[in-house]
Amino acid sequence: MRFAIPNHPWMDEKEGAAVRIAMTVVVKGRRDGTLLTVTDVRGGPDQIEFVEISGAINSDLRIGFDVTRSAALKYYRMSVRVLSCMVTGISSKHQ
């Protein structure tokens, strides 16, 4: 995504509608983009304040770790046994 504004206010002054929308611009490939986050709408539809952040925009319209690209964690039986012993030890101490 090259550009995104999640949770942007949209107001129809004629009909009185007030809703929130998301706007995005998508291009082929994975590139950094610009994310605008609304910080203040008190100025009305003509004066909305934003914070601008650059980086890789994820499908949840946030910049940061993309959990949809993460791999499953591997575990070993030894780790499960150690954790089980620790939990058993903790619960017996608190009784």
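Only four residue types carry charge here, +1 at the Cβ of Lys and Arg and -1 at the Cβ of Asp and Glu. Report the dipole size of region 3-60 about the Cα centre in Debye, rounded to the nearest 20. Charge dipole of region 3-60: 340 debye, to the nearest 20.
For I57, the amide hydrogen comes within under 5 Å of the amide hydrogens of G33, counting only partners 5 or more places away or on other chains and with H modelled in the peptide plane.
For N58, the shell of other residues with beta-carbons less than 14 Å away shows a net charge of +2, using +1 for Lys and Arg and -1 for Asp and Glu. A simple rule links phi to the HN-Hα coupling: the Karplus curve 6.51 cos²θ - 1.76 cosθ + 1.60 with θ = phi - 60°, which for region 34-42 gives 10, 10, 9, 10, 5, 10, 8, 10, 5 Hz, with x for Gly and Pro. Report the residues of region 38-56 in range of a label on K14: point 7 Å along Cα→C-beta, backbone N strictly under 18 Å from it. What the label zone holds, given the 18 Å backbone N cut-off, is 45-46. Among R42, R30, the order by Cβ neighbours within 10 angstrom, fewest to most, reads R42, R30.
Rule-based calculations on the coordinates, nothing more; no lab input. Everything numeric here is computed off the predicted structure, so don't read it as measured data. In this analysis, Cβ positions are derived from the backbone assuming ideal geometry, glycine residues included, and neighbour counts consider all displayed protein chains.
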